[in-house]
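Engineer: Structure in structure tokens, see below.
Laboratory data are not the source of any read-out in this text; all were calculated from the coordinates shown. If you're wondering where the values come from, they're calculated on a predicted model, not measured in any experiment. With ideal geometry, Cβ positions are generated from the backbone for all residues, glycine too; neighbour counts draw on all protein chains shown.
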Amino acid sequence: MEESSKGPKGKWILGSVALFALVIGLIGGVLLTSAAGATISSVGAALRSVSLISQSQSRQAATSPVSAGASRASSQTETMYPTVQAAQTAGPAVVTVVNSIAPSQSGQGGFRHPGGVIPQTPQQQQPTAEGSGIIIDSDGHILTNAHVVDGGSNYQIIFANGTKADAKLIGKDTYSDLAVLKVDGTMPAVATFGDSSKLQPGEPVIAIGSALGDFRNTVTSGVVSALGRKLDGQSGTQLTNLIQTDAPINHGNSGGPLVNMRGEVVGINTAVVRGSSITGDAAEGLGFAVPSNTASSTAQELISKGTVTRPYLGVSYQQLNPQLASFYNISAQEGALIMEVIPGGPADKAGLQKNDVILDVNGQKVTEDVTLSEVLLKYKPNDKVGLTIDREGKQNSVDVTLGERPSN
């Protein structure tokens, strides 16, 4: 992936996800991919155990119909509990996504699960991975996570009332961990998006999704714990500007909505931190969601083009801080330390080299709080940007024409 950030590593434990290659492409958001039981490394000073939250299983999907939310709550209860009304508003547009994992092409006599080969026996059905999603328009487009649909050969949607429909994949964006599926027919409901930029810490929210793949349209409640969080993976991808919530999020919730008290979707539930890989301490209430503003714009681009266009510099880098600067004996105390320059990429053509430190882009400083990836996301392919770099203690200015990030 591009503009990848490398650093100290901890372990991520993932849902149904497939590792993708480090080709340094800009991140609108992660993602952090592997399969159930597989591990992936996090980047940064705090090392954590993290799960992407789809549910992987080697069985057929359960078929019992499930209603959405608390659909028979009394009007008095709705008045007393805004969460009930929010669940009733958003619940009918929440679906279960069943991903039938593609058969193995490795010749090892089994099915290829994103985390490895699952041997086929007479007692086993084709393996499936289950997650959640939301209906985003009357045309039948359904938004979910990229790691929910990864590795799939066929997709099925189970609506809140238990009815089923086959779906086709319109497009996915690994860097934001978002994907769009489409089903035919009349939609039972369409989700309404809220403005995630107006969220505030402490604001109440609910999460809706197919917990463990079986408990469909499960509603949990909590608050917005923090905004602007980041999560990193060993492939170099980085989810940025995430919403942190303490609403309980479980395996199978991937792709389901985070909803405000007006019943508006303000986020797409994506990952949960389970604990520290260093101390072994368990964590509670550390869920993360892609903001609805990011999800909505990404979905529209996937629907119109099948892919998401982002700028491409063609480097992998390590975010610099004083400790790393001392370790590497570098005079610069912050910036993006280039670990690799992709041959033939924009950075290579502009003369950037390994061990250069990118200090700023068009005058905007690159820091731990504002990474190179985040800065570059403000630009488009073919934009010309000016970089200030530190090379062996001397500062230089370099102009680079950004390319287009390779498809994932």
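Engineer: Quick one: putting +1 on the C-beta of Lys and Arg, -1 on the C-beta of Asp and Glu, what dipole do you get for the stretch 246-377 around its Cα centre, in Debye to the nearest 20?
Structural biologist: In debye, rounded to 20, the stretch 246-377 gives about 360.
Engineer: Determine, for 220, 144, the number of other Cβ atoms within 10 Å of each Cβ, and report the residues in order from fewest to most.
Structural biologist: Working: 220 20, 144 31.
By the 10 Å Cβ count, ascending: 220, 144.
Engineer: Could I ask something else about it? Place a +1 charge on the Cβ of each Lys and Arg in the stretch 311-404 and a -1 charge on the Cβ of each Asp and Glu, then give the dipole magnitude about the Cα centre in debye, rounded to the nearest 20. Walk me through the numbers on the way to the answer.
Structural biologist: On the way: 8 positive and 13 negative charges, 39 e Å.
For the stretch 311-404, the charge dipole is close to 180 debye.
Engineer: In which sequence would 388, 245, 192 go, from the one with the fewest C-beta neighbours within 10 Å to the one with the most? Mind dumping the intermediate values first?
Structural biologist: Numbers: 388 18, 245 30, 192 15.
Fewest to most other Cβ atoms nearby, the residues stand as 192, 388, 245.
Engineer: So, one more: List 264, 340 from most exposed to least, where exposure is judged by having the fewest other Cβ atoms within 10 Å. Mind dumping the intermediate values first?
Structural biologist: Working: 264 19, 340 16.
Sorted ascending by nearby Cβ count, the order is 340, 264.
Engineer: Can you find, among 364, 339, 351, the residue farthest towards the positive end of the dipole of the stretch 311-404? Put +1 on the C-beta of Lys and Arg, -1 on that of Asp and Glu.
Structural biologist: 351
Engineer: Also: First measure r as the distance between the Cβ atoms of residue 166 and residue 354, then evaluate 1/(1 + (r/R0)^6) with R0 = 51 Å and state the FRET efficiency to the nearest 0.05. Kindly include the intermediate steps, with their values, before the conclusion.
Structural biologist: Numbers: r = 48 Å, r/R0 = 0.95.
So, using R0 = 51 Å, E works out to roughly 0.60.
Engineer: Using a simple spin-label model with points 7 Å from Cα along the Cα→Cβ vector, what separation in nm is obtained for residue 153 and residue 328?
Structural biologist: Output for this residue pair reads 4.5 nm.
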